[in-house]
1. Have a look at B:H152, B:I175, B:I259 and report the one farthest towards the positive end of the charge dipole of the stretch B:152-262, computed about the Cα centre with Cβ charges (Lys/Arg +1, Asp/Glu -1).
2. Net charge near B:S264: determine it from the other residues with C-beta under 11 Å of the C-beta of B:S264, scoring Lys and Arg +1 and Asp and Glu -1.
3. If you take every DSSP beta bridge fully contained in the protein assembly as shown, what fraction is antiparallel? Give it as a percent rounded to 5.
4. Taking the alpha-carbon set of the stretch A:398-605, what are its Rg and Dmax in Å?
5. Amide H of B:L135 versus every other amide H placed in the peptide plane: which residues, excluding those fewer than 5 positions away on the same chain, fall under 5 Å?
6. For B:A53, what is the net charge nearby, where nearby means another residue's Cβ is under 9 Å from its Cβ and Lys, Arg count +1, Asp, Glu -1?
7. Longest exposed-loop-site-free stretch of chain A, with chymotrypsin sites (Phe, Trp or Tyr not before Pro), DSSP loop and at most 16 other Cβ within 10 Å?
8. What residues qualify as long-range amide H neighbours of A:T519, i.e. H under 5 Å apart, gap of 5 or more or another chain, H built at 1.01 Å from N?
Amino acid sequence: MKSAWMRIMRGLGLQHWRDRFRTSSIQSIIMWSFSLCLLFIVMLAAFLLYNKFSRSAEENVLLGTSQIVDQVGYNLEDYVDGMSQLYRTIEQHMLVDASWDDEQVAQQLDILMSSRDDIVSIALFDAQGELLRNHPAVPVRPSARVSAQSWFHSAMRVSNHLSFSLPHVQNLYDGTYKWVVSMSKGLTIQRDGQPMNVVLLVDINFKKIDELSSRISLGKRGYVYIIDEGAGNIVYHPQQQLIYMGLRNESVEKALTSTGSYIDKADGVKRLNTVRSVYNIGWKVVGVAYLDEMMTTREEMNRYLIQVAAIVLVLSILISMLLASMLARPIRRMGATMKAVERGDFGVELPLRGPLEVVQLSSRFNLMLDKIRGLMRQIIVEQESKRKYELEALQAQINPHFLYNTLNSVVRMVGMSKNEDIITMITSLSKLFRISLSKGRTVIQVSEELEHARHYLTIQQMRFKRKFKFELEAEEAALDCYTLKLVLQPLIENAIVHGIEYLVDEGSITIRARLEGETLVLEVADNGVGMSQEQVDGLLEPGPSPVEEGSAGGGSGVAVRNVHDRIRLYYGMRYGLSYRSEREEGTVVQIRMPAVRNAEGDGSHEE
Amino acid sequence: MRSSNRQQECRVLWRRLTVLLLISALWIMGMAGCSSSEIDSARLEPRTIALIAPVHAEEQGDAMRLGAEAAAKEYGYQLQYASFKPNEDAGEQLAAALRMVEGGASAILIDPANEGVLEELAAAASARNVPLVALNDERLVKGVQGAITVDHVEAGRQAGEALAKLIGDAGSVAIMRSDRTDPDLELREAGIREALARHPSIRIVESASCGNLRDACWNAAKGMLDASHIDGAIALESGASLGLADEAKRRSEAGRLKIVAFGSQVEQLSLLQDGVIHQLVVQNDFSFGYIGLEQAVSVLSGKETPGSPTMLETKVVNADNMFWMNNQKLLFPFVQ
C-alpha cells in the first residue's frame, strides 16, 4: 500500500517536489501552502459563480425573450380584437336595414373614421365586385380588379366570416399605395325584399403593426418577425426585402410547426427562436435572439472573474508572504542565536517577545543556556579540585617526613644490630612504595589497599616500638573490589598520631573490609583517646579543623578531608567518610563506596 | 560569514518579490479599471457610417437608407443619413459628404450626382483614410474602395426584349434619352439597341431627349410622336417616361402605345397599374444600401474588396405581377 503510493508519487515526479518541500524553509512552506489554498478556494468560488451566473443568464435570456414575444402577441391580439369590434360596429351601422345610402350612416362613418386614424378606407361591394358605397367617397380606379383581390375571394368563399388578409398594398384608389390589412366579410342582406350578397371591406393601416414589431429588439441584433400560420407567408420581417431578394434566409418551416422555443443555426450563429400564436388572426410571432450575444456577456463575466481571481491571488500571496515572514522571523532569530552558541558564545540571550509559543520556546532556551553555563562552571570547579587532590595524593605517596622517620628508625636499628627488624622494615617500606606507585593507577584492588595498610602499620609499629598492635579483617568478597588507592593510610596515620600516641596502655588498630549489599565498607577502628562530638562534627567540615591546631601530625586533618572529598568526587555525594568516636573509648572511621568489581572505569580517571 | 551572506541575499530576494507582486497587483487593478471604461466609451459612441443620398431621388434614397439601416443594425454601426431637397444639387451633396468626412464617420456610402463629386470626395476621404463605397455607380476612381451598381446593359436588354414582345416583334420604336450625358444611360441604350437588333422587323426611329422635368419631356414626346408613327417607346429616365405617358393619354393612345421605362416612382407605378406604362425595369434600392454598408464594414475590418463593381440584378414588372407578394415589397418599400 505504502510502496504503491510511493511509486505513484515518484511516477508523478512528486517525490522530487516532496523532498524539496521538506527542505524548503518554513516561510516558503507557509507562503505557498497558504497561497495555493487561497487560489484553490478562489478558483472554486469563481467556477461555481461562473456556472451559476451563466445558467441564470441563459434562463434570463430565455425568459426575457419569451416575455417580449408574449407581449407582442398580446398587443397584436388586443389590436386585432379592437379592430374586429370596430368592424362589427361599422357593419351594424352600415347594413342595418340595408341603408348604406343614408345620410346618417355617412355621418356615423365620419365619426368612426376621425376617431381612428388607422382605418384607411371602408368600402361595400356587391358580389360582382362593383362598388356600392365607400368612405371616404372616392372613385375606385378601373384597373383595381376588385373581384380578383384575395380579400374578396376569401370573403366570398366563406360567407359571414370575418377574414383578415395578409398585409398588402392597397391599389383601389388613385394616387395612394398604402400598406393595409384588409378585413372583409361576405354577407347576405335583404334589400328591397331581395336577398343580396355583399362584401364589406375595412382596410386598416399596417403601419401600426409594423411599428409594433419593428420597435421590438431582442439584445443588440435580435428581432421579431410575424408569419401567417396557414401558408407560412411572411407578414412582417425587418429584412423582408432581403429575404425576397434571396440575400437572407429565414427558415419559417420550423416556426410553423413549433409552439415553444427552439434553437437553430443561421450563418453558423446559434439563435434562440421563441414562437407564439396570435389566434384571432392566425398569425405567429417569432422572436429571434442571438445566443452569441449572451456568450459575450459570459465572456465578459469570465474575464471579470479572472481579474478578480488574479487580484485575490496576488493579495493573498502578499498577505501570506507577510504572515510567513512574521512567523519565520523569530525562528530565524532563534536559529541565529543558536548558531552563536554553536560558535561558543554562551553569553547570548533570546529576547522574550513575539507569539506565545515563541516566547515559551525562547524562555526554555534561555533556561537551558543558563543550565549549561552552570554545569560548565561546576565542571571547571570539579576539575580544579580533582587536580588538587590528585596532586596531594601524589604527595602522600612519597611523604618525605615519613621516609625520613622510617630511615631514622632503620639507622637506629642498625646501631642496635637488629638485623631481623631491619629486613622487615626495609621490605615493608619497599612494598609500601610499590603499591603506592602501582603503575600510576588511581584505583587498586581492596587486597592491595589492605596490603599497603599492613606495610604501613608494620613500619609504624616498629617506629613506635610496638606501642600498639594491629589487625586486618577482610571478607573474601570484598578483597576483589576496587577502591581509590591510599584512602586508608591517612586514616591510619590519624589513628596513630591522634588516638594511640598519647595512650598509656597498649593501643590496638583494626582494619576491616566488608560488603554491605552493594556498598563496600572499609573501617579503621582504634581504641585511642577518642574525640568529642564537636570535634567529630568539625572533622569533615571545610575550613580549619580543630584537630589540626597545634597537632604534631600537621596536615593530617586536611588529608582526611581530602580522602572524603576524593571519594565523593569519584563515586558521588552519597559516599564518603563517617566518624564514630567516644572519649577514652576510641574512634571508628568508616569509608563507604560502591562495590566495583572491575577496574574498567579506572582508565577514565587516569590523567 | 557565508551563511549570513546567504541570509542577506534571501532577504533581498523576498523584498524584490514583494515589490514585484505589489506592482502586478496595481497593474491588474488598473487593467480592470481601463477595460470597464473602454466598454463604457464604446457604449456611448458607436462607430458611424454615413450614407449620402442621391440628389433628385428622394424615394430611392429612402429605400437605400432602409437597407443601410438594416445592415447597420446587424453589424453594430450607427447610420448617419444625408438627404437633399429637390432643389439641391451636386454642390450641396459634395458639401454634405465632406462634412460627414470631417465629422469622423468611419466610412461613407454615396450615390454621387456626378463624377466630379465622387473624385473630390474620394480625395478627401483617402486623405483621412476613410473607406468610400459608391452606390449606383460603376466608376472605381482612385480612393473608392467599392462600387455597387446594376448591370445597365442587361437592364437595357431586358427593356428591349420586353418592348419587342409587347409590339409583337414588329413595328417602329423610339428611345427617349436624357439631355445630359450619363455613361449609365448610354449603357442602357446600348443594351436596348442590342436586344432590338435581334428582331429584324423592329425599326428604331428618331429619338427624343429631355431633362428631368415632366413638362419638358411631355413636349419632347409630343414632338417625337408627331414626327412619325411609333408602336412602342422606351424611356431611359423616369421623367421621360412620365412625359411620354402624359402625351399618350392626351392622344388617347394609352394602352396602344407600348411604353417601357426604368424606375419605380409612385407615379410610374400608378401608370403601370392603369396600363399606360406597360413594363417597368426596376432596381432594388434597398439592396444598394444593404450591400453597400456590408462592403464598407468589410473594408473597415480589413478584408479585401472585389476589384470590380458589384452588379445587382434588375427586375421587369408589369400590371399583372406588380402586386405579387415578392414585388410589393420591392416596389413599395415604405409602410405609410
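1. B:I259
2. Charge balance near B:S264 sits at -2.
3. In the protein assembly as shown, DSSP labels about 65 percent of beta bridges as antiparallel.
4. Spelled out, the Cα radius of gyration and Dmax of the stretch A:398-605 are 16.9, 51 Å.
5. Here B:I110, B:D111, B:I148 satisfy the definition.
6. Details: positive: B:R65; negative: B:E58, B:D62, B:D111.
My count for the surroundings of B:A53 gives -2.
7. A:1-278
8. Answer set, sorted by chain and number: A:A595.
Read the figures in this text as sums done on the coordinates, not as results from a lab. As the structure is a prediction and not an experimental result, all values here were calculated from the model. Cβ sites come from the backbone with ideal geometry, for glycine too, and all protein chains shown count toward neighbours.
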